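K.L.:
The structure is given below, and queries will be raised subsequently.
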Amino acid sequence: MKQEYIFIGPPGSGKGTQTKKLSEEYKLPHIDTGALLREEIASGSDEGKLADSFISKGNLVPLNLVANIIKNRLKKDDCQNGFILDGYPRSTEQALALDDILAEIDKDSDTKPIVFYFKIDEELLIERLVNRISCKDCGEIYNLKTMNIQGNKCPKCGGELIRRNDDTEEVAKKRFDTYFRETAPLIDLYQKRGWLTTLDASLEIETIYKNLKGAIKGNVHS
Ligand code: AMP
């Protein structure tokens, strides 16, 4: 059975940490739209330049640009057994675009994605974001406030630790506005379809992961 997982939650709610762990253990590709867009920007392409003008202001990148990136990615061979979508969809129109993409990709199966909603009190999240640092090479995410990080080398792989350009307080606030306006309505949409599983994202990383795997094993939609 194909495994299709979608992750929704406010910026800094820990989706990246959990989806990376899940991807490693379940051997499913981790498709992180934010990371794909940052790669596009780094390549210097016209799409990347356009994306940058939205990302640097905390806004969503235009529908078709992201849909094309996702569609091309989901058609790759490594997605045959399933995938983990981290950061897509982020609006109702993107959810409808994803329906079309999945209808095309899964035309011979009746796979239904499980949508995980990371529920968390948003007040602490801006602080989490502005203290976030990640490895340029392996993508591991660290928090400068809660972890004792020395220098700018990744404790896991030795790569360079970098802060994202959009993890400043001003842009982080804008990203929250965007989340509440555009993304939060998806919770209702997927709930109505019976695809939604809510996880308490304020718990310890390992506890959230245990709950996540429990929900997958039971294939519970709550
Ligand atoms: P993230 O790394 O998930 O926090 O995403 C960083 C930024 O990339 C967001 O603030 C958006 O500007 C852009 N982005 C990521 N995913 C999407 C998406 N599904 N649709 C539009 N823009 C996106």
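K.L.:
As a test of the formula, what do you get for the chain when each DSSP H run with n ≥ 4 contributes -39,500 (n - 2.57) and the sum is divided by the residue count, at 222 nm and rounded to the nearest 500 deg cm²/dmol? Numbers along the way, then the final one.
P.N.:
On the way: 9 runs with 98 residues, N = 222.
Calculated from helices alone, the mean residue ellipticity at 222 nm is -13500 deg cm²/dmol.
K.L.:
Provide the net charge surrounding S23, with neighbours chosen by a C-beta distance below 10 Å and charges set as Lys +1, Arg +1, Asp -1, Glu -1. Mind showing how you got there, number by number?
P.N.:
Working: positive: K20, K21, K27; negative: E24, E25, D32, D86.
Neighbour charge sum, excluding S23 itself: -1.
K.L.:
For the range 151-222, with every protein chain kept in place, what is the accessible area per residue (1.4 Å probe, Å²)? Provide the component values of the computation, followed by the final result.
P.N.:
Numbers: 4240 Å² over 72 residues.
Result: 59 Å² per residue.
K.L.:
At 1.4 Å probe radius, can you tell me the per residue accessible area of the range 19-93 in Å²?
P.N.:
On the way: 3800 Å² over 75 residues.
Computed with neighbouring chains in place, this is 51 Å² per residue.
K.L.:
So, counting K/R as plus one and D/E as minus one, what does the shell of residues with Cβ under 13 Å around N131 add up to?
P.N.:
Working: positive: R128, R132, K145, R163, R164; negative: E127, D167, E169.
Summing Lys and Arg as +1 and Asp and Glu as -1 gives +2.
K.L.:
Where both partners of a DSSP beta bridge lie in the chain, what percent of those bridges are antiparallel, to the nearest 5? Numbers along the way, then the final one.
P.N.:
Numbers: 6 of 23 bridges.
Percentage antiparallel, nearest 5: 25.
K.L.:
Same structure again: How high is the FRET efficiency between D99 and K57 when r is their beta carbon distance and R₀ equals 25 Å, given to the nearest 0.05?
P.N.:
On the way: r = 28 Å, r/R0 = 1.12.
That pair, D99 with K57, gives E of 0.35.
K.L.:
Ordering C154, C138 by how much accessible area each has at a 1.4 Å probe, largest first, what is the list? Could you put the intermediate results ahead of the total?
P.N.:
Values: C154 5, C138 50 Å².
Order by accessible area, largest first: C138, C154.
K.L.:
Run the quick spin-label model on V130 and N81: label points 7 Å from Cα toward the beta carbon, then report their separation in nm to one decimal.
P.N.:
4.3
K.L.:
Another question, then. Measure up K75/K136; K112/K156; K119/K145; K75/K153; K107/K136; K136/K213 against 32 Å on the Cα-Cα distance and list the ones that go over. Mind showing how you got there, number by number?
P.N.:
On the way: K75/K136 26 Å; K112/K156 35 Å; K119/K145 22 Å; K75/K153 35 Å; K107/K136 37 Å; K136/K213 28 Å.
Result: K112/K156; K75/K153; K107/K136 exceed 32 Å.
K.L.:
Please report, as a whole percent, how much of the solvent-accessible surface of the range 9-147 comes from carbon and sulfur atoms (probe radius 1.4 Å).
P.N.:
On the way: 3340 of 6940 Å².
The value for the range 9-147 is 48 percent carbon and sulfur by accessible area.
K.L.:
Further, regarding this structure: Restricting to bridges with both residues inside the range 107-216, how much of the DSSP beta-bridge set is antiparallel, in percent to the nearest 5?
P.N.:
Numbers: 6 of 11 bridges.
Around 55 percent antiparallel, to the nearest 5.
K.L.:
Now a separate question. Give the shape of the chain as rounded, prolate or oblate, defined through the alpha-carbon gyration tensor: a ≥ b ≥ c are the square roots of its eigenvalues, a/c under 1.5 means rounded, and otherwise the shape is prolate if a/b is larger than b/c and oblate if not.
P.N.:
On the way: a/c = 1.41, a/b = 1.22, b/c = 1.16.
Rounded is the answer for the chain, as its axis ratio a/c remains below 1.5.
K.L.:
Subtract the Cα-Cα distance of L203 and I141 from 0.36 nm times their separation in residues, and report this length gain in nm to one decimal. Kindly include the intermediate steps, with their values, before the conclusion.
P.N.:
On the way: separation 62, 0.36 × 62 = 22.32 nm, distance 1.68 nm.
That pair, L203 and I141, stretches by 20.6 nm at full extension.
The values are calculated or read from the model by the stated rules, or taken from the named source; none is laboratory data. Note that the structure is predicted; figures quoted are calculated from it, not measured. As a convention, Cβ positions derive from the backbone with ideal geometry for all residues, glycine included, and neighbour counts pool all protein chains shown. Side chains are part of the model used for accessible areas, which takes the heavy atoms of the whole protein and leaves out ligands, DNA and RNA. Shrake-Rupley method; radii C 1.70, N 1.55, O 1.52, S 1.80 Å.
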